[in-house]
Structures are given as C-alpha cells and as structure tokens.
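Let me begin by presenting the structure, written as structure tokens, before commenting on it.
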Amino acid sequence: MAVFVALGAFLMTLVGGWTAQRVTDRRHLVLGLAGGLMLGVVGLDLLPEALRAAGTEVYGVPAALLLFVAGFLLAHLVERLLAARRAAHGAGEHSHRAPEVGLTAAAAMVGHSAMDGVAIGASFQVGSGMGTAVALAVIAHDFADGFNTFTLTSLYGNARRKAVAMLVADAVAPVAGAAAAAFVAIPEGLLGGYLGLFGGVLLYLAAAEILPEAHHDHPALSTLLCTVSGAAFIWLVVGIAG
C-alpha cells in the first residue's frame, strides 16, 4: 500500500518539473516561485521537523540548528571554492555558475524525496489513517520538490538532459524510500540532523542564488508575488497535513 501511494508522489514530482520546463519564457517568475517554495519548505517544514526529531542540545543550542548553520556555511564554502577554481581556469567568477553546485543541490533534493518515501512507509506501519495523512502531505509538496529540482539543475548551467535525469531520480526516490521502509529503520536523531543540514543548504541556495537571480533583470511586483505565493503554498500544505 505504501509503495502504491508513493506512486502519487512520483507523478506529482514529474508534474512539478514539467511545469518548470513549460514556463521558461517567464524565467524570473519561475525563479521567484522556486525561491518562495524553498523558503517555505525550509522554514515551515524541514526546520520544525528537524527540531522535533533531533532533540539534543550542544552547549545550549539544538543540534538541528547547529547543523542548519553548518549546512548554510558548507553550501557557501563549496560554491566559493568551485567559483574560484573556475576563475583560475579563465571563467568569469560571477557570470558563470559552477554546474556541480546545481547537481549537488538536486542530489540533495533526491535524498530528501527518498526520506519522504521512508516517512510514508513508516507511517503505514503505524496505521492506514496515519499513512494516508502523511502520504497526502508528501504528495502535495512533491510538486515543489520536482519544480525546484529542475530549476536548480538548470539555473547552474547544466544541460536539459541532466535536469530531466535529476527530475526522474527525484520522482523515483519516494517510491524507493517507501519500499525500503519495510526493511530499514532510520534513527530519529540522525534523520533530524540530516533535515537540519539540508535545510541550511537549501536556504543558502534560495537566498544567495535563486532570489537575487529572479530579481536581477526583472525586479517586478509579479516576481515578488510569486515568491510570497510559493511560501504561502507550503504553509497551506503544512496546515492541511497538521
């Protein structure tokens, strides 16, 4: 049942990626929406779950928040190192993004989707009612995952076929995660730490890359409205799931 329900997440992820592809003529709106979706996922979904799962503190600070900051700094460090390497080989540091950053971010999205599948499988082990509630929440926000996976991969200059490949991997991940949940149990503390670290990486990409790019050539009110709409959509999904 869990794997069957996870197929809904598979389809919704593909719909999100397809939507991102179809509106390339409104690139600033796509990026504005993606930034809002990522902000909403981090602040309203990942961080609350990370704080709940990883309840331990280190010198008075929740471990999930420490890993959140570490993820933000790690993404910044990796991007700077890759940019410096490209500049040393003659590429403009600011005019050319490192494709590796986009692929790494998309891979992290795939890992997050796999964890969503694990959550579906684990919740069905508790009961069909709990499983259905979790599955609906995952399916609803997997549209955002597919949208962001394709957008992130493309934004950093990767070929369309790579963006499509990462999108397909992101769509398959929940199904694989749901199937694996029958055999693998992930410690809650480890899951919370992962969510905190991933949230930091995602927030960095949204704040330092996607939103500035969205407003660079088109600082329009419509772009801002897309960003707010993206965050509001995640709030709606979280509220319905709760």
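The values are calculated or read from the model by the stated rules, or taken from the named source; none is laboratory data. Quick caveat, the model's predicted, so the values are computed rather than measured. Cβ placement follows ideal geometry from the backbone for every residue including glycine, while neighbour counts extend to all protein chains displayed. The accessibility values were calculated without ligands, DNA or RNA, using every heavy atom of the protein model including side chains. Shrake-Rupley method; radii C 1.70, N 1.55, O 1.52, S 1.80 Å.
Under 1.5 on a/c is rounded, so check that first for segment 152-196, then, if it is not, pick prolate when a/b is larger than b/c and oblate when it is not; a ≥ b ≥ c are the square roots of the alpha carbon gyration tensor eigenvalues. Judged from the Cα gyration tensor, segment 152-196 comes out oblate (a/c at least 1.5, b/c at or above a/b).
Rolling a 1.4 Å probe across all protein chains gives PHE198 an accessible area of roughly 10 Å².
Placing a pseudo-label 7 Å from each Cα along the Cα-to-Cβ vector at TRP18 and ILE240 gives an inter-label distance of 1.8 nm.
Going highest first, how would you order 64-76, 101-113 by mean Cβ packing within 10 Å?
Values: 64-76: 19.2, 101-113: 22.5.
The densest-packed peptide leads the list: 101-113, 64-76.
Starting from the Cα gyration tensor of segment 1-78, take the square roots of the eigenvalues, sort them a ≥ b ≥ c, and report rounded, prolate or oblate (rounded when a/c is under 1.5, otherwise prolate if a/b is larger than b/c, else oblate). It is oblate, given that a/c is not under 1.5 and a/b is not larger than b/c.
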